[in-house]
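What follows is a set of notes on a single structure, which appears directly below.
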């Protein structure tokens, strides 16, 4: 009937990708000394499904390869082949090869035939070289001389209905093969009152004439082989030995199926929706919030008695709008596992490469985070983990010498704290070396204090240019250092902090807002413009005259904040506005902090705190230094959101000059 | 109209089966593992159940066994979907109460042929 | 379409003048606007809408002709004042001053002009080669001239103009990095 099944190929590719990811992560968490049956089953099932799909959709290269993979996995889960690190490596490699084959099938890449052949060879090697090629099933070759037809004796078991089989169907099928003569044998039929309608009492003697092979005849009965007595004899060369088969074989006991203890694995009813659609929804909700705020403001002038209904409606609208906003934001949230699940492979490969033993532990994988944040966290997190393996964790000998277990532990934790998510990467390695850091900082010409605290020394690793040292290995030294990590995290409105205890380990904590789409901001007025300062970077604000202000050369001013002189950035000057407060002493000073550095913003007025929906300026314009984005205020006007990280950097450079 | 339940953990297989059968005029429900299949089968009566063997949570053979034990599926055709290497699976399936099997990979025409025969 | 008929010089009985036929014959529709003494035309397909002058939010570090950004139904749209860009003597705002919102290939941009005049259909016979001098514009951004009785329309390649470096709307390193799956 010509059904085109290619339309399901994309689904096949997608589920195969997921299957491979699952295989990979299960292989990585496999404890070769104490294997868990369900894990092995899961790995097997994934390979099995890919093979099945590849067969259905006609990707023979994938079928061939995954057949060997599946056969090997079947032996492993049957306990015939003990898992070992070597075997796991081979299997991981096979996962990669299968990925490549899928990409090739999709037309995204070429097949590396040599690599496939080599990996295939390896798989076969584990099975002692003997692969059961997925060749055609062995047909009983019995079609020597085709007779005129067949005499068939068919005596179903009385219980045949209980398997859902219907003798009539079989007769009809036979009739479709040739000319069929049917004789029912009613000898077994009991008296009417004794008949159990659920049992079969009839048997049949059949005569099928036509050009039909014995295999074809037997095929019709294939499902009921065990539930009947069947004889098939050729009609003409009468002397041919009757091929008799009977139901001698007892039905094997219902195999004790591996108890599938449901793992707390993702059992979720879900729907794939493109990110664009969700972003569009998010934008609309943002608009709605703004309109609602505008109405709320208008509503403040209403009479509580006369306009009671209106006011109630407004407050209901306020509530529902917020709920809607939260619900839409929740659709963008994905578990941090998306991030963590990529790391076991990295740790496994790196540890092998470096000759270290590392256990990776993850906690709080279910913690949810905005998808946009997750994407931007991948690189920084990879970098920190690489650093930890490369520099933090010691090799087995060094660890033994230090009285620690030979296997180091790297722990990743995700948790919610207020409106933030905190991701901690902790190792039990040697810790940061204070003297080495100081020496290196000196060498790089970084400004050093006289007696810096340990915390201050730790912060040095985030200084630009600190870790681009020649000494770093090819593992972590890819030209980006912790300064880039910090920049990336700050660009997400987050903070990163490192603490370390010599000999005990290093702890890197990343603190991020839950979403990139919304920001808690403080709005400030400068001239006729309103700017939004991200609330998390505001330290305090100072009233005019509340602090000492000193004039440096030219127009540069510094303010004394908690005993320290901090450069003042007059926002009006910087952005070319016309500030009312041209004299720092008249304006309001907002102390902001980023990356451990402080700056004071000079503004005319503090307007208030509010949540704002972040809009991207770059969509239709370009990036402006010092500006992180824009938002739309309750009155419909656009306000710019300040990039405090950049402002602080610029002002401290200006102050240093 | 005959209602068919297709149980397979592979979305692409499920989609292919469902689409093929729907094109042939059958009503089709899908489930992604044995447990889900069992739930669906309890809540409504199907004239035919197609079950993959290897599935998470509950495999197809277990599911077939459970269905066969239920009054409402005592005589219903229950087919397992198995691969060419799965001779023992066929036997296990039969032992659990399966009517028969369809060998993977199969194409839409093969599927329809079998289904038509069983539901004729 | 009134505009089209007004400028139709060929006798109607000879050419059944429908817009579709005109378009097939290489005719295009232009929105015409005034900037100082000159009249310009942009491809109508690039024009999203025409608006009165909204309050704009000024942008730091921007040339004076970038007036700032407006909120266009939730989208942040930069606004270019063409009169400032071309140093026209009187760039005042009056009841004729409008913003033309352009929908370019990958972005939305608004431009302030003195007034908009018409939508016109120009057949191939009305189109002339671009001149050596193009009024206020670099000739790179001029696709041709449209002759209209005694008037002369300067036809702009608005897409190219707005993407050009001198409009400062796009950063030089803007490689439209969109990495979403």
Apart from one, (1) surrounded by fewer than 23 Cβ atoms within 10 Å (Cβ to Cβ); (2) in contact (Cβ under 8 Å) with a residue 40 or more places away in the chain; (3) facing chain A (nearest Cβ under 8 Å); (4) under 15 Å from the mean Cα position of the chain (by Cα) all hold for residue B:55; the odd one out is (1)
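Conditions (1) at pLDDT below 80; (2) facing another protein chain (nearest Cβ under 10 Å); (3) within 23 Å of the chain's Cα centre (by Cα); (4) assigned to a loop (DSSP other than H, G, I, E, B), marked per residue:
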| position | (1), (2), (3), (4) |
| --- | --- |
| A:263 | yes, yes, yes, yes |
| A:268 | yes, no, yes, yes |
| A:273 | yes, no, yes, yes |
| A:278 | no, no, yes, no |
| A:282 | no, no, yes, no |
| A:287 | yes, yes, no, no |
| A:293 | yes, no, no, no |
| A:296 | no, no, no, no |
| A:303 | no, no, no, yes |
Going by the conditions given, is residue B:39 surrounded by fewer than 20 Cβ atoms within 10 Å (Cβ to Cβ) and touching a helix residue (DSSP H, G or I) at 6+ places or on another chain (Cβ under 6 Å)?
-> no
Please find, among A:252, A:245, the residue that is at pLDDT below 80, under 30 Å from residue B:72 (Cα atoms) and in contact with a helix residue (DSSP H, G or I) (Cβ under 9 Å, 6 or more places away or on another chain).
-> A:252
Which residues, taken from the range B:44-57, are modelled with pLDDT of 90 or more and closer than 19 Å to residue B:88 by Cα?
-> B:50, B:51, B:52
Any chance residue A:351 is without any contact (Cβ under 8 Å) to a residue 40 or more places away in the chain, assigned to a helix (DSSP H, G or I) and in contact with a strand residue (DSSP E or B) (Cβ under 8 Å, 6 or more places away or on another chain) | yes
Inspect all residues belonging to the range C:92-106 and state whether any of them is touching a residue at least 40 places away in the same chain (Cβ under 8 Å) and within 17 Å of residue A:638 (Cβ to Cβ).
-> yes
Within the range A:161-172, residues facing chain B (nearest Cβ under 7 Å), over 12 Å from residue A:208 (Cα atoms) and without any contact (Cβ under 8 Å) to a residue 12 or more places away in the chain come out as A:164, A:169
Those strands (runs of 3 or more DSSP E) completely within the range A:536-613 that have 1 or more residues that are at pLDDT 80 or above and under 49 Å from the mean Cα position of the chain (by Cα) are A:538-542, A:557-561, A:564-570, A:588-594, A:597-603, A:605-613
What strands (runs of 3 or more DSSP E) completely inside the range C:25-96 contain at least 1 residues that are away from chain A (no Cβ under 14 Å) and closer than 30 Å to residue A:291 by Cα?
-> C:47-51, C:75-81
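Please state which one of A:175, A:215, A:222 is within 60 Å of the chain's Cα centre (by Cα), surrounded by fewer than 18 Cβ atoms within 10 Å (Cβ to Cβ), within 14 Å of another protein chain (Cβ to nearest Cβ) and over 25 Å from residue B:97 (Cβ atoms).
Checking each option against the conditions leaves just A:175.
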Given (1) more than 9 Å from chain A (Cβ to nearest Cβ); (2) part of a helix (DSSP H, G or I); (3) crowded, with 20+ Cβ neighbours inside 10 Å; (4) modelled with pLDDT under 90, where does residue B:20 come up short, assuming only one miss?
-> (1)
Picked from the range A:38-75 (must be surrounded by fewer than 19 Cβ atoms within 10 Å (Cβ to Cβ) and in contact with a helix residue (DSSP H, G or I) (Cβ under 7 Å, 6 or more places away or on another chain)), the residue nearest to the other protein chains (Cβ to nearest Cβ) is A:74
Within the range C:119-136, how many residues are over 12 Å from the mean Cα position of the chain (by Cα) and assigned to a strand (DSSP E or B)?
-> 6
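Could you check the range A:614-657 and list, in sequence order, the residues that are assigned to a helix (DSSP H, G or I) and within 33 Å of the chain's Cα centre (by Cα)?
Taking the range A:614-657 as the starting set, the residues that turn out to be assigned to a helix (DSSP H, G or I) are A:644-656.
Result: A:644, A:645, A:646.
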Just checking, which of B:45, B:110 is within 30 Å of residue A:68 (Cα to Cα) and more than 10 Å from every other protein chain (Cβ to nearest Cβ)?
-> B:110
Filtering the range A:418-460 down to residues that are within 21 Å of residue A:377 (Cβ to Cβ) and touching a residue at least 60 places away in the same chain (Cβ under 8 Å) yields A:419, A:420, A:421, A:422, A:423, A:424, A:425, A:426, A:427, A:459
The range B:71-107, residues that are part of a helix (DSSP H, G or I), more than 8 Å from chain A (Cβ to nearest Cβ) and within 24 Å of residue A:176 (Cβ to Cβ) = B:90
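The values are calculated or read from the model by the stated rules, or taken from the named source; none is laboratory data. Bear in mind the structure is a predicted one, so any value in this text is a computation, not a measurement. Note: ideal-geometry Cβ built from the backbone for every residue, glycine included; neighbour counts use all protein chains shown.
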